[in-house]
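The next block holds one structure in the form of structure tokens; read it before the comments.
The values are calculated or read from the model by the stated rules, or taken from the named source; none is laboratory data. Only a predicted model underlies this, so the values are computations on that prediction, with no experimental measurement involved. Ideal geometry is used to build each Cβ from the backbone, glycine not excepted, and the neighbour counts take in all protein chains shown.
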Amino acid sequence: MTNKTILLTSACLASLLAAHPAFAQSSPETSTTSDPQQAETIVVYATNSSRQTQSVSASVIALAAPGISPLKAIERLPGVNFQSADALGNYEWSTRISVRGFNQTQMGFTLDGVPLGDMSYGNHNGLHISRAIISENIARVDLSQGAGALGTASTSNLGGTLQFTSKSAGEDFGGQVNLSSGSDSLARAYGRLDTGTLDALGGGRAALSFATTRQDKWKGVGEQNQDQINLSYVQLIGAAKLTAAYNWSDRAENDYQDLSLEMIRRLGYKWDNVSGNYALANRLADIANNRGETGAAVTNAGAGTTYPSPITRVDDAYFDASGLRKDHLAYLKLETPLTAKVDLSAKIYHHANEGQGIWFTPYVATPLGAPDGNGSPITAPAPLSVRTTEYDIARTGLTAALAIDAGAHQVSTGIWVETNQFDQARRFYGLARAANNRPSLDFMTNPFFTQWAYQFDTTTLQFWVQDNWSVNDDLTVNLGFKSVQVTNEVATVTINNAAPTSSNGITGKLRTSQAFLPQAGFTYDLAPTSQLFGTLSRNVAAYVSAATAGPFASRNQANVDEVARSLDPEESTTAELGWRVRGDGYQASLAAYAVRFENRLLAVSQGAGIVGNAPVLSNVGAVNSLGLEMAGVYQVSDDLDLFGSVTWNQSEYADNVVNRAGTIIAATKGKKVVNTPEILVKGEIAYDNGTVFAKLGASYTGERFFTYLNDKANGQVDAYTLAEITLGYRFEDASLLKGVEAQLNITNASDEAYVSTIGSNGFGNSGDSQTLLAGAPRQMVFTLKKAF
């Protein structure tokens, strides 16, 4: 550990020892405001929550760099391990969040109660939060590190849940304009207009927002761009409230090159694709073909067989790669009292998505006569082609809940129903040798080959009921359960440019059905300012319906049939016990947890990610996790707050991976779970006197493994410490600048060189692999804000 790491980590620990976090008087499921005495740094809802549940408010997000991913904004919370290769945390190929040993695809995510799926890059049942809503329009983010609320609309939340709440249309006329500029040619604009209550609309009110972001990659050649529009409308109808929302996003981002430890040692953290040199990309593919490394029959003797230094293999650098996503998300929500004791909330929603994951691949050459982007035949083809994974989602759902006030018993019950049609295809597009005629940030058209195309239909039904029982003035007990039934069906559309046959197509149906998944918890007030809490819950994760992940990813009928006969869905049991306390100027929380994760599904990747080989899926045993989480905030004065958190986690595989004969394939028993640091330390000093504001934050992330057998030499990345700085000034005089706010954000202020994301191309049993992404260096963003 470097001296810089020791100093920054010591600062975090000092903040924690001096500080303790806050808790308010209501649960995150019902509250919309925080205790006015709380510091803005962190909010922990406690009194009515039997779970470890914490929140980040809009004011905290506003102090971060504009356009930041809300996931990155909550990385300060205990137990949260967040990684991304870009400074804002929005680059989806690299974005990863894990909590208590569970990765992103094993958590639950919602926006205003609308399910976002598992937010995986594969994009099969939802969308990423950075596309679902503009970050400035988020009012609050609630994190349950362990068991989420029973009513959470998710079938992947084995671990924690993240619930995002948007800002409602304001009752008063007003608006906001933010203009940002920064490192790597960052240019961002955000605007919002609230109409206020309009008599002409019967008291309705609306809000319209837009955001546009343009930024170059921090290394290599490429851009990461996004345009968004958010529209919301609120109408009061007597005692009822009707809310409508529509969110549109168009995101196009160039990828960074995936790295291995060997590549980092040989080529450095700043090594990237050769996107600015198309001739070199052709030459590298020619050399690979001449060496027989790609399996392509096309050769070019003039290129030779020796790679130009420092490149030593074809996978060192590809020409280009990108991710394109277009989303439409809308919902209509009704909240109304049915009687003096019964309230109804119901919501219908629809999500449509079109996406392409693009890789310029040297493993498939363009054939003579293949169509170019305009449909014309290519007469001089390149030894490259464009490989896409294409996504189309059309999902519609309904959530409804009843809240019944029965005195000492507060009973709630609800349902969630969703139908999702997900179309996925793998296609190849032609390239000419002379020049690249297919911009990587445009959707590809006119393929020369469709390797496969499938349609997946998923139906979800979830029911839940809970009784929140006030036993006496000090003790509250909640008891409930949920029932889950998810049906996954697959139909083959195309195989190798033709209609499927009985020998190469796949069909099948899988069902996840659990009638009783209980949750029990309690809160007990030791004193007016001190409280114990605890919960025990059982959860199940539905199978993934996709051709690149989950049971259907083998794309083989025999394997699909075997999976249907022998596979069990993943399940988890979570127990946590905690204590909250607050006093004059300080607030604190301590939580301990134990998790049993069973029927773990392991998809073993086969070869380099760009090749696209089908993974093999199987149940491989259990995981045991134990941990402690401490967090706190201390209000030194009206202007100065200290915050700190420390997390210790021990997540280990409980079983070896064995084949059907009982032979050990991988001796994983007792090994640490991949991408799960044992220690996380966060610290923050925040100052705000109303005119001048500043914040210094630091976070330490411990060592992480990217091999299941925990190779220390070639399967582990080093610990690292990052620091972030915010400086700002609000103009309050009577000049033309009145109401203007200037803000400077500096990320990775110490310019640490480190590995951020691991597992971008999956995890292996042992040995180094090209599945790492370097973290962004120091970057700066300057923003001018004006509210009216």
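Listed residues E678, E703; which is surrounded by fewer than 20 Cβ atoms within 10 Å (Cβ to Cβ), under 30 Å from A321 (Cα atoms) and modelled with pLDDT of 95 or more? Every option except E703 fails the conditions. When the stretch 735-782 is filtered for residues that are touching an Asp or Glu at 6+ places or on another chain (Cβ under 8 Å) and in a strand (DSSP E or B), the ones remaining, listed by number, are N745, I746, T747, V755, S760, L772, L773, Q779. For the stretch 633-679, enumerate the residues that are of a type in the set (S, T, N, Q) and without any contact (Cβ under 8 Å) to a residue 24 or more places away in the chain. Once the filter is applied, which keeps residues that are of a type in the set (S, T, N, Q) and without any contact (Cβ under 8 Å) to a residue 24 or more places away in the chain, the stretch 633-679 yields S637, N659, T663. Screening A211, A240, A206 for residues that are touching a residue at least 60 places away in the same chain (Cβ under 8 Å), out of contact with any helix residue (DSSP H, G or I) (no Cβ under 8 Å at 6 or more places or on another chain) and of a type outside the set (D, E, K, R) leaves exactly one candidate, A240.
Across the stretch 133-170, the qualifying residues are those that are of a type in the set (D, E, K, R) and at pLDDT 95 or above, and the one among them that is nearest to the chain's Cα centre (by Cα) is E136. The residues of the stretch 165-221 that are closer than 23 Å to A774 by Cα, part of a strand (DSSP E or B) and of a type in the set (D, E, K, R), listed by number, are R214, D216. Within the stretch 714-730, can you find the residues that are more than 27 Å from R704 (Cβ to Cβ) and aliphatic (A, V, I, L, M)? L727 - this is the single residue of the stretch 714-730 that is more than 27 Å from R704 (Cβ to Cβ) and aliphatic (A, V, I, L, M). Just one of the listed residues (N675, N656, N649, N714) is more than 22 Å from the chain's Cα centre (by Cα), within 22 Å of S84 (Cα to Cα) and polar (S, T, N, Q), namely N714. Scanning the stretch 598-645 for residues that are hydroxyl-bearing (S, T, Y) and at pLDDT below 90 yields S605, S618.
Residues that are out of contact with any helix residue (DSSP H, G or I) (no Cβ under 9 Å at 6 or more places or on another chain), of a type in the set (V, I, T) and in a loop (DSSP other than H, G, I, E, B) within the stretch 529-552 comprise T529, T548, listed in sequence order. For the stretch 357-397, filtering for residues that are over 28 Å from V544 (Cα atoms), among the aliphatic types (A, V, I, L, M), out of contact with any Pro (no Cβ under 8 Å at 6 or more places or on another chain) and surrounded by fewer than 17 Cβ atoms within 10 Å (Cβ to Cβ) leaves 1.
Residues that are of a type in the set (A, V, I, L, M) and farther than 22 Å from G151 by Cα were ranked within the stretch 339-356; the one that is surrounded by the fewest Cβ atoms within 10 Å (Cβ to Cβ) is A340. Taking each residue of the stretch 538-551 that is among the aromatic types (F, W, Y) and looking for partners that are surrounded by fewer than 22 Cβ atoms within 10 Å (Cβ to Cβ) and part of a loop (DSSP other than H, G, I, E, B) with beta-carbon atoms closer than 8 Å, six or more apart or interchain, yields Y543/L567.
When the stretch 688-704 is filtered for residues that are farther than 28 Å from T676 by Cα and not hydrophobic (A, V, I, L, M, F, W, C), the ones remaining, listed by number, are D688, N689, G690, T691. Among the criteria (1) touching a residue at least 60 places away in the same chain (Cβ under 8 Å); (2) touching a Phe, Trp or Tyr at 6+ places or on another chain (Cβ under 7 Å); (3) among the polar types (S, T, N, Q), the one T691 does not fulfil is (1). Kindly evaluate D255 against the criterion of being of a type outside the set (F, W, Y), in contact (Cβ under 8 Å) with a residue 12 or more places away in the chain, in contact with a strand residue (DSSP E or B) (Cβ under 6 Å, 6 or more places away or on another chain) and buried (at least 21 other Cβ atoms within 10 Å of the Cβ). For D255, the condition - of a type outside the set (F, W, Y), in contact (Cβ under 8 Å) with a residue 12 or more places away in the chain, in contact with a strand residue (DSSP E or B) (Cβ under 6 Å, 6 or more places away or on another chain) and buried (at least 21 other Cβ atoms within 10 Å of the Cβ) - is met. Number of residues in the stretch 115-128 that are at pLDDT 95 or above and either in contact with a helix residue (DSSP H, G or I) (Cβ under 8 Å, 6 or more places away or on another chain) or charged (D, E, K, R) (or both) equals 1. Checking every residue in the stretch 263-279 against the condition of being part of a loop (DSSP other than H, G, I, E, B) and modelled with pLDDT under 95 gives at least one match. Within the stretch 190-202, if we keep just the residues that are in contact (Cβ under 8 Å) with a residue 24 or more places away in the chain and within 22 Å of I138 (Cα to Cα), the residue that is surrounded by the fewest Cβ atoms within 10 Å (Cβ to Cβ) turns out to be G196. Comparison of E335, E293 shows that the only residue that is outside any strand (DSSP E or B) and in contact with a Lys or Arg (Cβ under 8 Å, 6 or more places away or on another chain) is E293. Looking only at residues of the stretch 707-723 that are without any contact (Cβ under 8 Å) to a residue 40 or more places away in the chain and not aliphatic (A, V, I, L, M), we find that the one that is farthest from R265 (Cα to Cα) is N710. Entry remark, the stretch 538-589: residues being surrounded by fewer than 19 Cβ atoms within 10 Å (Cβ to Cβ), aliphatic (A, V, I, L, M) and under 26 Å from the mean Cα position of the chain (by Cα) number 1 in total.
When the stretch 296-317 is filtered for residues that are of a type in the set (A, V, I, L, M), under 14 Å from L384 (Cα atoms) and not in a loop (DSSP other than H, G, I, E, B), only V314 remains. Among the residues making up the stretch 494-528, those that are among the polar types (S, T, N, Q) and either touching a residue at least 40 places away in the same chain (Cβ under 8 Å) or in a strand (DSSP E or B) (or both) are T494, N496, N497, T507, T512, S513, Q514, Q519, T523.
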